[in-house]
Ligand code: GLN
């Protein structure tokens, strides 16, 4: 039996970073800015695309004091571009990932859309509707360079940190040695602190996020990568906001077709 523990955590209250950006909807340089007035109920707050993400999860969503609302990243920029094309103002809301992926946050009407590097899974489809996938991903194990851990098998009798509710948690529970302890955290912010503090021996989560730590700190390496063939989708409460869902799908398609997607991809992953 694997030893699964829940780390003592402070449950983060929903934080809204929005509010200061309400005046800047139409960017004159925007390609297909749409000034149509949407019917009431098109989004949960008229004129806004209220978008939930769990942060930090760099390079997808992270704080940047220089950015609008103090947040940026691949997801955030993609979300802002979609909002602009729909004639809406992007409103960022920070949430807990476990509740976002389970559908609770969206069903409660906390936001219109979840844009949070979320893997499309059959299980999640029970409570969520997803857009077409917008990013292909995989898992990886991040460890200290001098840890001696080269493979997942080397984590026998060691502690692996995972994000609660994530596909990385699922992968770890299925594949880690039975003697490994799996410790759950709210997200990468806590995981990274725990790894640096030596509370855990590795983090098993989405490869691009672990790679961001490697790029920033040579004391850490990716021990191993796992081809889980994951695809990220933007999520909606199942069966809700169907007009918005269709418009987001069309905007995403246009963003790919006109090269905007590639420009953003190159900015964050080249
Ligand atoms: N892609 C992973 C998942 O969907 C992790 C997402 C995240 O932490 N934001 O479970």
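The values are calculated or read from the model by the stated rules, or taken from the named source; none is laboratory data. The structure displayed is predicted, hence computed values, not measured ones. Note that each Cβ is placed from the backbone with ideal geometry, even for glycine, and that neighbours are counted across all protein chains shown.
Checking the condition within 11 Å of the ligand (Cβ to nearest atom), within 23 Å of residue 227 (Cα to Cα) and out of contact with any strand residue (DSSP E or B) (no Cβ under 9 Å at 6 or more places or on another chain), which residue from 75, 123, 96 passes? Outline the logic, then answer.
Details: 75 fails: out of contact with any strand residue (DSSP E or B) (no Cβ under 9 Å at 6 or more places or on another chain); 96 fails: within 23 Å of residue 227 (Cα to Cα).
None of the others qualify; the one that does is 123.
Looking at region 130-158 only, could you name the residues that are buried (at least 19 other Cβ atoms within 10 Å of the Cβ) and in contact with a strand residue (DSSP E or B) (Cβ under 7 Å, 6 or more places away or on another chain)?
130, 134, 135, 137, 139, 140, 141, 142, 143, 149, 152, 155
Would you pick out the residues in region 146-176 that are within 15 Å of residue 191 (Cα to Cα), more than 10 Å from the ligand (Cβ to nearest atom) and in a helix (DSSP H, G or I)?
Residue satisfying the conditions is 172 alone.
Name the residue that is surrounded by the fewest Cβ atoms within 10 Å (Cβ to Cβ), counting only residues in region 185-197 that are in contact with a helix residue (DSSP H, G or I) (Cβ under 7 Å, 6 or more places away or on another chain) and either in a strand (DSSP E or B) or without any contact (Cβ under 8 Å) to a residue 24 or more places away in the chain (or both).
192
Here is a list: 20, 86. Which entry is outside the structural domain of residue 180 (by TED's automatic domain parsing) and modelled with pLDDT of 95 or more?
Numbers: 20 fails: modelled with pLDDT of 95 or more.
Only one candidate qualifies: 86.
Take the conditions under 25 Å from residue 75 (Cβ atoms), away from the ligand (no atom under 12 Å from the Cβ) and touching a residue at least 24 places away in the same chain (Cβ under 8 Å) and apply them to residue 181. Does it pass? Can you show your working first?
Working: under 25 Å from residue 75 (Cβ atoms): no; away from the ligand (no atom under 12 Å from the Cβ): yes; touching a residue at least 24 places away in the same chain (Cβ under 8 Å): yes.
Criteria not met by residue 181.
Taking region 40-58, which residues are in contact with a strand residue (DSSP E or B) (Cβ under 9 Å, 6 or more places away or on another chain), within 13 Å of the ligand (Cβ to nearest atom) and assigned to a loop (DSSP other than H, G, I, E, B)?
54, 55, 56
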